[in-house]
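The values are calculated or read from the model by the stated rules, or taken from the named source; none is laboratory data. Just so it is clear, the model here is predicted, and its values are computed rather than measured. Please note: Cβ atoms are built from the backbone with ideal geometry, for glycine as well, and neighbour counts cover all protein chains shown. In case anyone asks, the SASA skips ligands and DNA or RNA and just uses the protein heavy atoms, side chains included. Shrake-Rupley method; radii C 1.70, N 1.55, O 1.52, S 1.80 Å.
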Amino acid sequence: MDMKNILIINAGSSSLKYQLIDIDNESVIAKGLCERIGIDGSVLGYKSNKGNTEIRRDMKNHEDAIKMVLDVLVDEKVGVIPDMSGIAAVGHRVVHGGEKFSESVLIDDDVIKAIEDCIPLGPLHNPANLMGIAGCRAVMPKVPMVAVFDTAWGQSMAKETYMYGLAYEAYEKYGIRRYGFHGTSHRYVTQRALKLLGTDKAKVITCHLGNGSSVSCSKDGRCVDTSMGLTPLEGLPMGTRCGNIDPAIVPYLMKRADMSAEQVDAYMNKKSGMFGISGVSSDFRDLWAAANEGNERAKLALSMFALAVKKYIGSYAAEMNGVDAIVFTAGIGENDRGVRELVLKDMDFLGIDVDFEYNQSCPRGEEVELTKKGSKVRVFVIPTDEEMAIARDTAALAR
Ligand code: AMP
């Protein structure tokens, strides 16, 4: 079958992001976002080289949203394909695959059941992802679909890496272990780094620094460790998440501040991190603006973030007995030169020879190398593209 156009779906509880990708030349033909699904004032946004549009129409559920996406893709004016047969396969981003999925799979009833079984692990995301899958199945039952899991990358971690120091029964009874997230992004930029290094055999540390942030390391393209855990809360302090803290702080807050479990959860996920530390914003552009005006807490937040990234790089280099390349990606990693400088300065002991001037002047959003010729460890900025990674897997499996 001709596998030209792949539809990528990233379904949230009331939103649905989509992209139509021409896999032959890896280009995005159309993309957009459905918002307020199941809520008053639903709206579909759409962009393509035939034109952009915004359609306000009720979307009761994800099935409605997908119908609207298909309608606009074949629209006479702004559409990019003549009819629905122009979609060869659909790739779905699925957040939590538990221990059931270590790679992408073709979706069938058993896969849907297994994703349902993982709902306790991904209570916010998996139900939404399943609605996206069900919606597509209802509207285009004959088109092959593929699930690409955020947690699949972390499945190659060794047991001593993914286990917590809790009683073993916590793992056996409740599946409490480290899974890791952002896997599709870490895998995509790792593969690209291996291309740039010109080898399949290398130790790579990838820093996905965005609204959510994680660091991961891999040997020969397989994940060795990653900073997020059972949930995306573990690891670095992030936009609004606290990252690693003494776990005893949770019961301490519950008693001391009379908070419920839900309140502590929201406190750690939504009110902490860069936002909570700075009192300014979760956006790094705002943090730098405040810091440059002398805001001490904004400076503190930036320093804490960079230090946390640095510590992960150091520990992963130790864990792998070396590192060949370090990659920066996602909103902050690709754009924030100041954070990269804070992370990379005083790391020459590792054999990193960074061109700090070039780090400050290099173009944003492009693939660049930050290290000087001859640097033992090479440092790259590689723009991530999760949709393209999903499209590649989808085409490969659906063929
Ligand atoms: P992401 O989750 O990958 O989309 O990243 C979003 C985050 O990237 C934003 O919240 C900002 O903190 C950060 N970001 C985006 N653009 C810039 C920029 N030009 N400079 C610094 N940080 C940026």
Worksheet item: Can you give the Kirkwood hydrodynamic radius for the chain, in Å, rounded to one decimal and based on Cα pairs?
Response: 22.3
Discussion item. How many angstrom lie between the Cα centre of the range 65-126 and the Cα centre of the range 129-163?
Written reply: 8
Practice prompt. Can you tell me which of 360-369, 303-312, 387-396 comes out highest on packing, and rank the rest after it, using the mean Cβ neighbours within 10 Å?
Written response: 387-396, 303-312, 360-369
Worksheet item: With the Cα gyration tensor of the range 213-296 giving a ≥ b ≥ c as the square roots of its eigenvalues, does the rule (a/c under 1.5 for rounded; else a/b larger than b/c for prolate; else oblate) give rounded, prolate or oblate?
Response: oblate
Discussion item. Can you give me the Rg/Rh ratio for the range 320-399, using Cα atoms for both radii and the Kirkwood formula for Rh?
Written reply: 1.08
Discussion item. Run the simple label-point estimate for ARG285 and ALA138 please: 7 Å along Cα→C-beta, distance reported in nm.
Written reply: 3.8
Practice prompt. Divide the volume of the convex hull of the Cα atoms of the range 57-110 by its number of residues and quote the answer in cubic angstrom per residue.
Written response: 127
Practice prompt. Return, ordered by residue number, the residues of the range 111-140 whose backbone nitrogen is under 16 Å from a label point located 7 Å along Cα→Cβ of ASP83.
Written response: 140
Item to complete: Tally up the carbon and sulfur contribution to the accessible surface of the range 174-273 as a whole percent, 1.4 Å probe, everything protein left in place.
Response: 53
Worksheet item: Using bins 5 angstrom wide from zero, how does P(r) for the range 155-265 break down, in % of all Cα pairs?
Response: 2, 11, 18, 18, 18, 14, 9, 5, 3, 1, 1, 0
Response to the item:
Nearest-0.05 FRET efficiency for SER13 and TYR171 at R0 = 30 Å, using Cβ-Cβ distance, is 0.60
Response to the item:
If the chain between TYR267 and ILE249 were fully extended at 0.36 nm per residue, the gain over the current Cα-Cα distance would be 5.3 nm
Worksheet item: When ligands, DNA and RNA are left out and all protein chains stay put, how many square angstrom of accessible area per residue does the chain have with a 1.4 Å probe?
Response: 47
Fill in: Length added when fully stretched, ASP22-ILE39, from 0.36 nm per residue minus Cα-Cα
2.9 nm
Worksheet item: Between LYS372 and GLU357, 0.36 nm times their residue separation minus their Cα-Cα distance comes to what?
Response: 4.3 nm
Worksheet item: How would you classify the range 1-133 from its alpha-carbon gyration tensor, with a ≥ b ≥ c the square roots of the eigenvalues: rounded for a/c under 1.5, else prolate if a/b is greater than b/c, otherwise oblate?
Response: oblate
Worksheet item: Tell me, what is a quarter of the convex hull surface for the C-alpha atoms of the range 156-217, in nm² with one decimal?
Response: 5.3
